[in-house]
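K.L.:
Can you keep this structure in mind? I'll have questions shortly.
The values are calculated or read from the model by the stated rules, or taken from the named source; none is laboratory data. Just so you know, these numbers come straight off a predicted model, no measurement behind them. Note: ideal-geometry Cβ built from the backbone for every residue, glycine included; neighbour counts use all protein chains shown. With ligands, DNA and RNA removed, areas are computed over all heavy atoms of the protein, side chains included. Shrake-Rupley method; radii C 1.70, N 1.55, O 1.52, S 1.80 Å.
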Amino acid sequence: PSWRKAAKLCLSNPAVIDQIIADWKAAGARKYLNVSPNDGTAGFCLCSKCMALDTRKPGETFYAHLTDRYLNFWNRVLKRAKEINPDVMLVTYVYSYYRHPPRREKIEYPDNMLCGLVPALAEDSGALFAAWKAVGMKHCFLRPNDTHPASTLLRGMEKRIYDKFQSVRRNFKLYGVDYDGTLGVRSRDLEHYIICRMIADPEKSFDELIDEYCSAFGEAKDVVKDF
């Protein structure tokens, strides 16, 4: 089937961690250890031991919440890896059905976990970040899909994108950003400008960046800003 490329590991199998650690050691036990799952919806393990790691509420579907099984796995990998390299940094996306805050688990080694946060554009990202911070998240890189849709319409999402970036900076040590985007769509010019400029100069306010952008239109800058 086409979803085979999205198949995920059996997180409850100790041999999986044994293999991850062995491969990492063979590569030199470097600082960064990437254990991020494959992208895609299907392919999550359905064995009874993995299912037992979930914290699904009555009436919820399988995909409603898979975070606890993954955080449990990440903690177990880090426990082993820290015995070999105390400065190791486990890297993984916090994404899809495992982006929601855990219900049972906490980050046991917050100084050794670097999470790629992938919040949805329309959700309350401030609440999402606060909840992850409460369970121990300290380090992250921001990986939103905010600019992915190829709409030709003006969306008015620039302020939301800016605020999300600043919220991450307030809550965590931000290692970087990775915006999945569609280039060449002129309706996105302002979004791309805001993203590039806030990365280059994160202390500038949103209004300052808007004024910068509009200044390129010369005498028409006020008309463009009103628009």
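K.L.:
How big is D for segment 113-185, in µm² s⁻¹ as a whole number, if Stokes-Einstein is applied with the Kirkwood radius of its Cα pairs at 20 °C and 1.002 mPa s? Please list the in-between numbers first.
P.N.:
Working: Rh = 12.8 Å.
Estimated diffusion coefficient is 167 µm²/s.
K.L.:
Okay, moving on. What is the Rg over Rh value, at two decimals, for segment 1-84, using alpha-carbon atoms and the Kirkwood definition of Rh?
P.N.:
Numbers: Rg = 14.1 Å, Rh = 14.1 Å.
With Rh from the inverse mean 1/r over Cα pairs, Rg/Rh is 1.00.
K.L.:
Can you give me the % of accessible surface on segment 51-139 that is carbon or sulfur? Probe 1.4 Å, all protein chains present, nothing else counted. It would help to have the intermediate numbers written out before the result.
P.N.:
Working: 2050 of 3710 Å².
Roughly 55 percent, rounded to a whole number.
K.L.:
According to the Kirkwood expression over distinct Cα-Cα pairs, how big is the hydrodynamic radius of segment 120-162, in Å? Please list the in-between numbers first.
P.N.:
Values: mean 1/r = 0.0819 Å⁻¹.
About 12.2 Å, per the Kirkwood formula over Cα pairs.
K.L.:
Using a Gaussian network for the chain with springs between C-alpha atoms less than 10 Å apart, which of these wobbles most: V185, V91, V35?
P.N.:
Largest GNM mean-square fluctuation: V185.
K.L.:
Separate question: Would you mind checking segment 17-46 for residues with the amide N under 15 Å from a putative spin-label position 7 Å along Cα→C-beta of N85?
P.N.:
Correct set: 20-36.
K.L.:
Nearest 10 degrees, 0 to 90: what angle lies between the long axis of helix 206-215 and the longest principal axis of the chain (Cα atoms)?
P.N.:
50
K.L.:
Let me ask something else about it. Please name whichever of T152, V177, A131 sits farthest to the positive end of the charge dipole of segment 116-207, dipole taken about the Cα centre and charges placed at Cβ: Lys and Arg +1, Asp and Glu -1.
P.N.:
Among T152, V177, A131, the one farthest towards the positive end of the dipole of segment 116-207 is A131.
K.L.:
Tell me which trypsin sites (Lys or Arg not before Pro) from segment 121-224 have a DSSP coil assignment and no more than 15 other beta carbons within 10 Å of their own. Present the calculation step by step, with values, prior to reporting the outcome.
P.N.:
Values: sites: K133, K138, R155, K159, R160, K164, R169, R170, K173, R186, R188, R197, K204, K221; in loops: K138, R155, K204.
Of the trypsin sites (Lys or Arg not before Pro), the ones in loops of segment 121-224 whose Cβ has at most 15 other Cβ atoms within 10 Å are K204.
K.L.:
Say the cut-off is 24 Å between C-alpha atoms; which of K106/K159; K82/K164; K49/K138; K31/K159; K31/K138; K5/K31 go over it? Please report the intermediate quantities before stating the final value.
P.N.:
Numbers: K106/K159 31 Å; K82/K164 32 Å; K49/K138 29 Å; K31/K159 36 Å; K31/K138 17 Å; K5/K31 27 Å.
Violating the 24 Å Cα-Cα cut-off are K106/K159; K82/K164; K49/K138; K31/K159; K5/K31.
K.L.:
I've got another one for you. How many angstrom lie between the C-alpha centres of segment 1-53 and segment 206-220?
P.N.:
47
K.L.:
Here's something else I'd like to know. Tell me the net charge near L128. Cut-off is 11 Å between Cβ atoms, L128 excluded, with +1 for each Lys or Arg and -1 for each Asp or Glu.
P.N.:
Numbers: positive: R99, K133, K164; negative: E123, D124.
That sum, taken over residues with Cβ under 11 Å, equals +1.
K.L.:
Within segment 159-227, list the GluC sites (Glu not before Pro) lying in a DSSP loop whose Cβ has at most 14 other Cβ atoms in a 10 Å radius. Kindly include the intermediate steps, with their values, before the conclusion.
P.N.:
Numbers: sites: E191, E203, E208, E212, E219; in loops: E203.
Listed in order of number, the matching sites are E203.
K.L.:
Could you tally the net charge around V35, taking each other residue with its Cβ under 12 Å from the Cβ of V35, Lys/Arg +1 and Asp/Glu -1?
P.N.:
Values: positive: K8, R76, R80; negative: D23.
Neighbour charge sum, excluding V35 itself: +2.
K.L.:
Output needed: percent of Cα pairs per 5 Å distance bin for segment 164-210, bins running from 0 to the one holding the longest distance.
P.N.:
Per 5 Å bin, starting at 0, the Cα pair percentages come out as 5, 18, 30, 23, 18, 5, 1.
K.L.:
Could I ask something else about it? With Kirkwood's inverse mean 1/r over C-alpha pairs for Rh, give me the Rg to Rh ratio of the chain, two decimals please. Present the calculation step by step, with values, prior to reporting the outcome.
P.N.:
Working: Rg = 20.3 Å, Rh = 19.5 Å.
Using only Cα positions, Rg/Rh for the chain is 1.04.
K.L.:
Ok, one more. Per 0.36 nm of contour for each residue apart, how much would the distance between Y193 and D163 grow if the chain were fully extended, relative to their Cα-Cα spacing?
P.N.:
Values: separation 30, 0.36 × 30 = 10.80 nm, distance 1.46 nm.
Roughly 9.3 nm would be gained on extension.
K.L.:
Positive end of the charge dipole of segment 17-133 (Lys, Arg +1 and Asp, Glu -1 on Cβ, about the Cα centre): tell me which of G116, S96, P58 has its Cα farthest that way.
P.N.:
P58
K.L.:
Ok, one more. For the chain, set up a GNM with springs between Cα atoms under 10 Å and report which of L154, L11, L209 has the largest fluctuation.
P.N.:
Result: L154 has the largest fluctuation of those listed.
K.L.:
Out of the GluC sites (Glu not before Pro) in segment 50-121, which ones are loop residues according to DSSP with at most 11 other C-beta atoms within 10 Å? Display every interim value, and only then the final one.
P.N.:
Values: sites: E60, E83, E105, E108; in loops: E60, E105, E108.
Filter output for segment 50-121: E60.
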